[in-house]
Amino acid sequence: MVFRPAPASGAPLLAALLLALLPAASGRAADPFFPYGVASGDPETHSVILWTRIESGKPSVSLRYEVATDPDFRRVVASGEVETGPARDYTAKADVTGLEPGTRYFYRWSGEGHRSPTGRTETLPERADRFRIAVASCQHYGAGFYTAYRSIAADQPDLLVHLGDWIYEFPTYGAAAARPDPVGVAEDLSSYRAKHRLYRSDPDFQRALQSVPVAAIWDDHEVQNDYSGKAARFYAPRRLQAAYQAYFEYVPIRPQEEFRIYRSFRIGDLAELFLTDGRQYRDEDVWHPAFFPPPDAARQALAPGRSMLGAAQRDWLLTGLSRSPALWKLIGSGDLMMDLRLHGLPVSVDSWDGFAWEKEQILAAIAAKQIRNVLVLSGDTHVFSYGELRYQGKPVALEVGTAGISSPAGKLERAAEVEAANPHILFSDRDHRGYVLLDIGREAIEVSFYGFSTVLEPDGRRILLRRFRIPRS
Ligand SMILES: [Fe+2]
């Protein structure tokens, strides 16, 4: 059965039709004052974050935003002014409140005689029977084109969930080179900002962010490959601060104290989405590089107490899961949670297998409290995957891993052996880049894995790799 999501409950049909007329980011010359277009994120039932960035050298610039229920802005329902300047690299955010639940809105920015492109966003519903989420991650700019984002915009999801590696701190990814990255290696505030600007210059990425609100978390490459926030002795705290600051400036995430990004989103009583931060509070990985650690290091990964989330976030997640009245519990994770083991030992210790004790705590709680309909969404691997999360041999949750928009997957050593040893992984595809579409309904979630024929050139062809129906239990 193929689900088609109904328009958001408060959206007049006319608005849905007019959506097709929304100017494509790449379809017209961008105003040079707003070269990165517009974006929205972290929708709630009555509020949403709006974002833009201007090109200016002034010490302070005042920008005005308008939110309307029609694309011609005849019915403006919210407006306001925001100051920006060099201290935030001329990015601007507004937390627009007082909106109606489950409603589509159009928005734009203006200032200094210029006007931005029009964006489209949507608040979360108070009640919903259907909800469509596109899942993205891992978008190395040099390694490939963002054709997937053009498809995501066309799919008209209600929410784009980004699971990390929004930028990569390094310019070239092995032999995979589709386009130059002139920024080089990011390691301080100005180079992280430049990296965000480069990635946001992509017209397909702009188009997606202009047409759907995003809820994003970071993984490692927003700072540095395989880093752990609790291992600052290796990773200069100033670099971490710079990377986090640039992320909060450029990603339409709601401002939080001390760069907290773990948070949850309620989609009526249909679903709750728990987004986690697997990096900031992480204990040091037991081995670098992550794959095929020597047996001693692999055994350390199983040691009690090792934490990826930190105690406070783990408590938040476990409490949230057990108390959530939502039918579906979705957990967004930067890293793969399913076991990937050989002879009982982790194949990679940068993923949840490197923190096996904490993973066990989470799965044990799901089993003990009989929390049903838990689906983990993960990124990082650059491989599409689908399978079971098992506790004491029994499946207690499912996981969907997305391959990411453009980052390449290397060849896995001993792949046949690994596959045979991990039969709970029911599907995987390492040959395609792309995204995952979730059509969430009351009876089932339909999961579509979309790959692309190529990302090394623009305009790769979309391929439906697999589709699964997850019935409610
Ligand atoms: Fe990645």
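The values are calculated or read from the model by the stated rules, or taken from the named source; none is laboratory data. None of the values given here were measured: they were computed from a predicted structure. Glycine also receives a Cβ, built like all others from the backbone with ideal geometry; neighbour counts cover every protein chain displayed. The area values use the complete protein model at the heavy-atom level, side chains included, leaving out ligands, DNA and RNA. Shrake-Rupley method; radii C 1.70, N 1.55, O 1.52, S 1.80 Å.
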Looking only at the chain, where both bridge partners belong to it, what percent of the DSSP beta bridges are antiparallel (to the nearest 5)? 75
E44's amide H: which non-local residues (gap 5+, or another chain) put their own amide H closer than 5 Å, with H modeled 1.01 Å from N in plane and none for Pro or chain starts? L124
Taking the simple approach of a point 7 Å from Cα along Cα-to-Cβ for both S201 and T97, what is their distance in nm? 3.8
Averaged across orientations, what area in nm² does the convex hull of the alpha carbons in the stretch 392-454 project? 5.8
FRET efficiency for D70 and A236, Cβ-Cβ distance as r, R0 = 56 Å, nearest 0.05? 0.70
On the protein heavy atoms, probe 1.4 angstrom, tell me the percent of accessible surface of the chain carried by carbon and sulfur. 51
Can you return the lysines within cross-link range of K195? Criterion is Cα-Cα under 21 Å, with same-chain partners fewer than 8 residues away left out. K93
Helix axis angle, 356-368 relative to the chain longest principal axis, alpha carbon, degrees: 80
Rg in Å to one decimal, and Dmax rounded to a whole Å, for the chain via C-alpha atoms: 21.2, 66
The chain: relative contact order in percent, alpha carbon pairs under 8 Å with at least 6 residues between: 15
Hey, what's the Cα Rg ratio for the stretch 213-274 versus the globular rule of thumb, 2.2 N^0.38 Å? 1.30
7 Å from Cα along Cα→Cβ at both R372 and E258: what's the point-to-point distance in nm? 3.8
Surface per residue (accessible, 1.4 Å probe) for the chain, Å²: 38
Say each of N225 and H424 gets a label point 7 Å from the Cα, pointing the same way as Cα to Cβ; how far apart are those two points in nm? 2.9
Förster radius 45 Å - calculated FRET efficiency between D269 and A30, Cβ distance, rounded to 0.05: 0.65
1/(1 + (r/R0)^6) with r = Cβ-Cβ of R390 and R127, R0 = 41 Å, i.e. FRET efficiency to nearest 0.05, evaluates to 0.75
Between the Cα axis of helix 237-250 and the main Cα principal axis of the chain, the angle (0 to 90°, nearest 10) is 50
For peptides 401-408, 284-291, sequence by mean Cβ density within 10 Å, most packed first: 401-408, 284-291
With the label point 7 Å along the Cα-to-beta-carbon line of R414 and a cut-off under 17 Å to each amide N, the hits in the stretch 283-312 are 287-302
